[in-house]
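Okay, structure first, notes after.
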Amino acid sequence: MSLDLISFIVLGIITLVSGYLVVASANLMHAALFLGLSFVGVAGIYLVLGAEFLAAAQILIYVGAITTLIVFGIMVSNLQDLKAGGRGVWARVVRNLASFRRGLVPLVAAAGFAILMLVIYRQSLWPAEAPPASGSNLATVGRLLFTEYVVPFEIASVILLAAVLGAVALSRRDDQPPAGSTGQAAPAAERKEGR
Amino acid sequence: MVPLPYVLGLAALLFSLGLYGVLTQRNAVRILMAIELMLNSVNLNLVGFARYLEPDRPGGQLFAIFVMTVAAAEVAVALAIILVIAHRRDDVDIDKINLLKW
Amino acid sequence: MQLEQSLVQWVGNLYAAGLSWWTSLGIPEWVWVALMAVLKGVAVLTFLLLNVLFLIWLERKVAGRIQRRPGPMHHGPQGIFQTLFDALKLVIKEDIIPSQADKWVFITAPLVMIAPALMIWVVMPFGPDLIARDLNVGLLYVSAVSSFSILALIMAGWSSNNKWSTLGAMRSAAQMISYEIPLGLALVAVGMLAGTLSLKGIVEAQQERTWFLLLQPLGFLVFIVAATAEINRAPFNLPEAESELVAGFNTEYSGFRWGVFFVAEYANLLFMAGMAATLFLGGWSGPAFLPPFLWWLLKTYLFVFLIMWVGWTLPRIRVDQLMELGWKFLIPVGLANIALTGVFVILT
């Protein structure tokens, strides 16, 4: 057991348990917060795997932006969770067992996928030891991003611009004059003005 | 060092959690969260392979960065759509949002 | 200078000796490394908490002087022990959780607030060797870890189940998301100029050239304004605007939990001042008649005083003014600064 392996196991358990609670918890807000926790766990695993830049980016984008956006959305619009019957996910599973859409089929699909992948991973031959990485992760990623992957990088910026425009256009209220007074990019911030 | 199958196994479990969520949930926001879980597990896979197969040219990490970018864009637009629907219909049950189906 | 160098060397020797003794006992090396990391954390924590106690006193004194009153005067010379007694009072107060609150989120929110406020100190260079861990993604780490506090404020405001709290949380989320962008733009320009994201590397780059304050006046302006807004200080203290929102997101908090928010706030103030000193005033570098650590402390407290001075002089701004300042002034200026810095880096 090395420190790497122990950290990986702990972080993996955190990620999986909070991932489970995202699907299972009865409260929508709690689910969103657990989603954030599971992102943090994934960021920790990136660190264990030596992807420092990606770990920082994961925290910055997933926790700082996406989770905040979802939580903010839930809070602003007062989205209630649908009353799906039983408290926990298992009560729901048992109750809906007969139903085609929400009963056995998704359960079998998800569990079957996991079991299939685990069996494949067990039987394949993998490199036992990772070759040591040379140089700093940050410099490598930066150089690759602006040489080999520069076209996807530019396309990503166009996608982001389109998303900003789309979010602003969608969340603008029709019954108001065009909200040109504040050019906020985040739909969350835009909603705040609208209310 | 963490063996590669462990990373892949974790990613598979996380993916199937997300898959189950997407298939069973009726709340649009909850489905969005489950999709994020699946995207994260894909990223884990990519980073794990990048670490083991090409540590000097981590193309997998680059792909993960692009996945994150697209995920951020996706959440922004999807959440805006959900908020508009919630505002108009007071409901985010995707089973009832079926206007385009008929 | 000499004293600090020899002290650092002595600690380093002690560390190596301890490691060899430890491995001779047959216990794996990483246990020692983990133990030492905990020890380092405790050292930084102690330093931080002492500074926070002092900062709270300083804030009240500065506020008092600006408003032509003496500030706290009892308990020790010039009331210096006032915060200590305040902290004691907070600890022994009753711990109230509102009955309609979301209990677990309510309890977790202060932890989510304080943990990043302490974690962020990992990359702060107090001196040439006095740094807990010099990450090569230092600047990115800073902006990533500081983004946790938005989530903490939302958790606190939402779980309190109180309209003042929720309003404060919504304001703070909008404010901090908006001001994180100019803050990041200012950090990018500094990283471009230094050619590295490691904070130690940035200080060394400033020793080679000059203070980045002279090379990055626009970046500095954007940074200091955005940093003040990011840590919710007056004149940007809308999230807790006491005259309109009772106390904003921490209306329902009392006793020790409220104290935790308070400590995190001042720890963030000290960190942002330290960042300003490190990024723009050369951090620990300075003439040799003072040890590097004291240079860092001096520059940091200069910025602490500046932020307090501005905060107690200007009135609080309105929400729409806040958004306008952020999106229509700071972000364009930050982008222009990056373009200018790019031209400058290519030309020199």
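In table form, for the structure just shown:
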{"quantity": "Within the range C:213-324: Cβ-based charge dipole about Cα centre, in debye rounded to nearest 20 (Lys, Arg +1; Asp, Glu -1)", "calculated": "380 debye"}
{"quantity": "Stretch gain in nm, segment A:SER2-A:LEU116, where the contour uses 0.36 nm per residue and the Cα spacing is subtracted", "calculated": "38.2 nm"}
{"quantity": "In Hz, Karplus ³J(HN,Hα) per residue of the range C:275-280 (6.51, -1.76, 1.60; θ = phi - 60°; x = Gly, Pro)", "calculated": "5, 4, 5, 6, 7, 10"}
{"quantity": "Modelled FRET efficiency - R0 22 Å, C:ALA34 with C:GLN9, Cβ distances, 0.05 increments", "calculated": "0.40"}
{"quantity": "Å³ per residue enclosed by the Cα convex hull of the protein assembly as shown", "calculated": "189 Å³"}
{"quantity": "Centroid-to-centroid separation of the range C:267-290 and the range C:123-166 [C-alpha atoms, Å]", "calculated": "18 Å"}
{"quantity": "In range of the label at B:VAL67: residues from the range A:1-27 whose backbone nitrogen is under 19 Å from the point 7 Å along Cα→Cβ", "calculated": "A:8-9, A:11-20, A:22-23"}
{"quantity": "Fewest-first sequence of A:ILE155, C:ILE317, A:ILE66, C:ILE56 by Cβ atoms within 10 Å of each Cβ", "calculated": "A:ILE155, C:ILE317, C:ILE56, A:ILE66"}
{"quantity": "19 Å reach of a label modelled at B:ASP56, 7 Å along Cα-to-Cβ, counting backbone N of the range A:134-160", "calculated": "A:134-149"}
{"quantity": "Percentage relative contact order, chain C, counting C-alpha pairs under 8 Å, at least six apart", "calculated": "22 percent"}
{"quantity": "Normalised contact order of chain B, rounded percent, pairs of Cα under 8 Å and 6 or more residues apart", "calculated": "28 percent"}
{"quantity": "Whether the range B:4-89 is rounded, prolate or oblate, judged on the alpha carbon gyration tensor where a/c under 1.5 counts as rounded", "calculated": "oblate"}
{"quantity": "Tail fraction, Cα-Cα pairs, chain C, threshold 35 Å, whole percent", "calculated": "27 percent"}
{"quantity": "Listed pairs C:LYS61/C:LYS93; C:LYS40/C:LYS200; C:LYS200/C:LYS328; C:LYS103/C:LYS163; C:LYS61/C:LYS299; C:LYS93/C:LYS163 exceeding 27 Å between Cα atoms", "calculated": "C:LYS200/C:LYS328"}
{"quantity": "Nearest-0.05 FRET efficiency for C:ARG65 and A:VAL10, computed from C-beta distance (R0 56 Å)", "calculated": "0.65"}
{"quantity": "Most fluctuating residue given options C:ILE66, C:ILE27, C:ILE92, as computed from a GNM of chain C linking Cα atoms under 10 Å", "calculated": "C:ILE27"}
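Taken together, the values in this text are just the output of simple stated rules run on the coordinates, not laboratory data. Remember, predicted model here, so these are calculated numbers, not experimental data. Here Cβ is always computed from backbone atoms with ideal geometry, including for glycine, and neighbour counts include all displayed protein chains.
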